[in-house]
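To start, the structure under review is shown below, and the notes come after it.
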Amino acid sequence: MLQYLIIILDDASVSYCHYDAPSDSPKGESLISLETLQAGIVFAMKENLNIQFVYPSYALPAEYAEVIESIDHTKIKPDAQTKEADVVVLTAWQTQKAEDVEGATCIIRTSCQELSEHQEQVKALLNKVARLNIVLTDVESFKDADADNYKSLLETLADMLTEIFKTGRMVQLNLLTDRLQLTQMNNCGAGDTTVTLAPNGKFYLCPAFYHDDPSQHVGSLEDGLDIKNRQLLRLDHAPICRHCDAFQCKRCIWMNSRLTLDANTPSHQQCMVAHLERNASRYLLAKMAEQGIRMSDTHDIPEINYLDPFTNYKQWK
Amino acid sequence: MDTLDIQDHSNSWQEGRAKSITFIVTKDCQLACKYCYLVGKNTKERMSWEVAKKAIDYILDKEEEFKEESVIWDFIGGEPFLEIDLVDRICDYLKTEMYRRNHHWFNSYRFSFSTNGINYHTEKVQKFIEKNRNHLSIGITIDGTQRKHDLNRIWKTPEMEQGIAPKPEDERGSYNDVVKNIPLWLEQFPGASTKVTISSADLPYIKESVLHLYSLGIKEVNINCVFEDVWKEDDDMLFEQQLMELADAIIDRKLYEDHTCSFFMEHIGKPMNRERDNQNWCGAGMMLAVDAAGMFYPCTRFAQYSLRNKQAWIIGDIHNGIDKNKLRPFLTLDRTTQSTEECITCEVASGCAWCQGENFDAADTHTVYQRSTAICRMHKARVRANNYYWNKLFRKLELENQREEFERQKANVREPKC
C-alpha cells in the first residue's frame, strides 16, 4: 500500500541514495513548476500519502516555500541548505558545521574505500548526529574479495559504536543498529509503499529510475498512477528476499533492474553487502552484551553460514 | 488376452540430468513459416568458426560451473543444416576437446538438431549423420497433411528479405520437399518424433494431420499450440472438436497401442497444490544459448531474433563470460510467483504450459515473472477433450478386460517440456 510520495523539486536535487543525481543541471533551470508542485501535493492529500521533498543545493524561490508549507512533510536537504531540514545529506566528509548536524538525521553517500579512509570523520559524526545513514555508492562493483575488508571495517565501526554507547549516547547507524530492532523486512519500498514525482509531472518508482531514463515513468499527474506488475515489487513476490533475514537491506529494485534485469531479484553484490552488515550487527549485539549495554527492543540474530541466500535456492523449491 | 504396448513420452535423453547448450549457427532459413516466433531471421548473422571455438573453449574451461552429468549440444537456426560445414567442424572439435581434457561430458553427450528436413538427404548431412550416428538426435518438423503443412510452412522468397509478403497464389509450400526425406529419416532414427505447431489457421486440420503423420510411420507426435496471443473467438471450441474427433480415431483404430500424441496426457487438467506443485515449467536459465555475435542467452527465445517487443536478455558473451546475476531471476522462478491467482487456483491447472521467452516478450515490464495467459482457453479445451479421450479409452479397455494390463504397462507418462 502506498504511504509516501517523494517529490524531486529539481533535477539537481541532492541524491540521498545509491543513484547519482546530475551535477551539471544549471541552477533553477529544471525546477519543478509551481503548478506541478501544487498538483503533486493535492495528489498526496487525496491518496493519504506522506510527502518527502528532495531539495537542490540552492535556495528555492519564496513562493515555493509557501506551497510546501501547506502540507505536513519531510525535507531532505543537502548540507548547503540545512535550515529546517529533517534529513541532511552530507555532500562531503568535512564541510558540515557542528551546529548543522547536531542531533540531526544525516545521510552520507560514500564508496567502501572512502568510508574506510574516513573512519575518524564517521566517529566525529556519530558523536554529533542522532542518526547516520551510510549509503554505499559502489555496491554494484563489490567483489567477493572485498568481503573481508568490508567485514573488518564494519566491525571497527561496531567497536566504535560500542564505545559511544558506553558513554550513554545511543546514536543510530543504519548499517549496524537497524537490524538489531527489526523482526521483519524493512526495505526501501519503491513502487510498493513509495512513489516519486519528478519535476516533469511524471511518476517514477524512485528517483533513480527518473535520473536513469525519464521514459521509465509509471504514470503522471495528468493520467494517474499506473504501476505495471506492482506485485513484483512486493516482498512476497521476491523469491530470494522472502527467504532472507537481512531485514535492514534496502532491497534496491533499481539496482536489481540494472544488475539482474528483474526488479524482484537482487544481485549477488547486494545480498553479500547486506549480509555482511547483518552479521556485523550480530557482532555489535555481542559486543554490547559484553559491555552490559542495553538497547530497547533488540532481538537475537542467529548465526548463518552464507553471505548470499541465493546459494540456498534449490532448498526452497 | 492381447498384450498392450503403450507408448509414452518419457524417452527424452538424460531428461533433467543434461545441460542443453544451443549454438544458433545461423538466423537464416529456406522457409518463412507463418507462425514462426523467430521474427528477426536474416541471412547475415551466421556463426563464424572463431566464435564457435571460443564459445566451446569457454564452456569446457569452466567445467566446475557446468556440473550436469551430461550435455546436449543443440544446433538451431534458422535452419542449422544450412551451416553443415560449420556444424561438422564444431562437433569434431567438441569430441576432440572433451576427450583431450578428459571432460566429464566425454561419452555422455548428444548432438541434437531441429531441422525443417529439406537438406536432410544431401551428401554432407548424410556424411555427418553417418559419422555421429550414436550420439545424434534429429527432429524433422513436418506439420501433418500437405494442406496443413503448406498452410504455414512456405518457402521464403527474395522479396521477403525486403519485408514484402508474397501474394497467396505465389506462396509455395514445402511439404513435398520434406516428406520425401521422411522414410530415410525413420530408417536412420526409427523412434524419431516430430514436433507439430498449431496456430489459429491450423485448427481444422489437427485430426487429419496427426493421423497422416502416423501413416507416414511417425509414432510419436509432439504437438502444441503456439503461446502467442493469436487465438480468435471460438477457436477453443474448434480445437476441442478436432481433438475429440482425433480421440475417437485413435481409440477406434487402436492406435494408442503403439502411437502417442502429446495432446492426450492422462494426468493433465487437475488442480495444483500451491506449495507442493510449485516448480517452474520452462528450463530457461538452466540452458545456455550462444549466437553468431558470441552472446550468451538463457535460451534461444531470449535472443533478439526471437523477440517482438523486448531487447534481448543477454547473460554474457564469449569474451567476458557469463554474468551470473542475470541468471538469478531464472533460477529462482517458481510457478506461483509468476502466476495470477486465477492460474494458481485454476481447477484444471496441471499441464498448462508456458514459454518463459514468450512470457518475457509479452510482459508489461522487463520481467520473466509475468505469466502470459493467452493460451488459457485453448488449454481448457484441450483438458475437456483429454478427459473425453481417457474416459472413452478406459471404458473400452474395461469392456475388453484390458484395463489392468494397461495400468501395468503404461510408463510414467510425462509432458514433454522445452
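Close amide-amide hydrogen proximity is noted between A:G219 and A:F203, A:D226, each under 5 Å apart and 5 or more residues distant or on a separate chain (H modeled in the peptide plane; Pro and chain starts excluded).
Local charge for B:A362 was computed over the other residues whose Cβ lies under 10 Å away, with Lys and Arg +1 and Asp and Glu -1, and equals -2. Inter-chain Cβ neighbour count for B:320-326, averaged per residue, equals 4 (cutoff 10 Å, partner chain atoms only).
Sequentially through segment A:124-138, phi angles give Karplus couplings (6.51, -1.76, 1.60; θ = phi - 60°) of 4, 5, 5, 7, 10, 7, 7, 8, 10, 9, 9, 10, 6, 9, 10 Hz, Gly and Pro residues having no value and appearing as x.
Quick note on the protein assembly as shown: its Rg to Rh ratio, both from C-alpha atoms and Rh being the Kirkwood radius, is 1.04.
For segment B:37-175, what's the relative contact order in percent, using C-alpha pairs closer than 8 Å and at least 6 residues apart?
20 percent
From the alpha carbon centroid of segment B:71-134 to that of segment B:300-353 is 27 Å. In the distance distribution for chain B, Cα-Cα pairs more than 40 Å apart total 16 percent. Note on segment B:61-179: the alpha carbon radius of gyration divided by the globular reference 2.2 N^0.38 Å gives 1.34.
The C-alpha atoms of chain B define a longest principal axis, and helix B:235-252 lies at about 70 degrees to it.
Dividing the radius of gyration of the alpha carbons in segment A:170-317 by their Kirkwood radius gives 1.04 for Rg/Rh. Across chain B, Cα pairs under 8 Å and at least six residues apart give a relative contact order of 21 percent.
Radius of gyration over Kirkwood radius for segment A:63-183, both on Cα atoms: the Rg/Rh ratio is 1.01.
Express in whole angstrom the spacing between the alpha-carbon centres of segment A:1-66 and segment B:253-288. A separation of 53 Å, based on Cα centres. With all pairs of different C-alpha atoms in the average, the Kirkwood value for the hydrodynamic radius of segment B:136-255 is 15.7 Å.
From the largest down, segment B:109-205 spans 44, 31, 24 angstrom on the principal axes of its Cα atoms.
For segment B:183-246, applying the loop criterion from DSSP together with a ceiling of 16 other beta carbons within 10 Å to the GluC sites (Glu not before Pro) yields B:E233. Mean separation of Cα pairs under 8 Å and 6 or more residues apart, divided by the residue count, gives chain A a relative contact order of 18 percent. In order along segment A:182-190, phi translates into HN-Hα couplings of 8, 10, 8, 4, 9, 9, 5, x, 4 Hz, rounded to whole numbers, per the Karplus curve 6.51 cos²θ - 1.76 cosθ + 1.60 with θ = phi - 60° and x for Gly and Pro.
Dipole magnitude for the protein assembly as shown: about 1340 debye, using +1 per Lys or Arg Cβ and -1 per Asp or Glu Cβ, origin at the Cα centre. Under a model in which nothing but the beta-carbon of Lys, Arg (+1) and Asp, Glu (-1) is charged, segment A:103-171 shows a dipole of about 520 debye around its Cα centre.
The residues B:L216, A:L49, B:L246, when put in order of fewest to most other Cβ atoms within 10 Å, stand as B:L216, A:L49, B:L246.
Segment A:190-221 and segment A:112-162 have Cα centres spaced 30 Å apart.
Remark: C-alpha extents of segment B:157-197 on the principal axes read 40, 17, 15 Å, sorted largest to smallest. Give the residue from B:S112, A:L90, A:C17 lying farthest towards the positive end of the charge dipole for the protein assembly as shown; charges sit on Cβ (+1 for Lys and Arg, -1 for Asp and Glu) and the dipole is referred to the Cα centre. Of the listed residues, the answer is B:S112.
For segment B:385-397, 3J(HN,Hα) computed residue by residue from phi via the Karplus equation (6.51, -1.76, 1.60; θ = phi - 60°) reads 5, 5, 4, 4, 4, 6, 4, 5, 5, 4, 5, 4, 5 Hz, glycine and proline entered as x. The order of B:Y297, A:Y16, A:Y4, going from fewest to most other C-beta atoms within 10 Å of their C-beta, is A:Y4, A:Y16, B:Y297. Computed over the alpha-carbon pairs of segment B:268-337, the distance histogram in 10 Å steps reads 19, 42, 24, 13, 2 percent, short to long.
In plain terms, the C-alpha convex hull of chain A casts an average shadow of 16.5 nm² when viewed from every direction. Strictly greater than 19 Å: what percent of every Cα pair in segment B:200-334 meets that? Every Cα pair in segment B:200-334 considered, those over 19 Å come to 66 percent.
Residues whose amide H lies under 5 Å from that of B:K19, counting only those 5 or more places away or on a different chain, are B:S70, B:V71, B:I72; hydrogens are built 1.01 Å from N in the peptide plane.
For each of B:W281, B:W185, B:W49, count neighbouring Cβ atoms within 10 Å of the residue's Cβ, then give the residues from fewest to most. It would help to have the intermediate numbers written out before the result.
Values: B:W281 19, B:W185 24, B:W49 12.
Ranked by crowding around the Cβ, least crowded first: B:W49, B:W281, B:W185.
No lab work stands behind these numbers, since they all come straight from the coordinates. None of these values were measured; they are calculated from a predicted model. All Cβ positions, glycine included, derive from the backbone under ideal geometry; neighbour counts span all protein chains shown.
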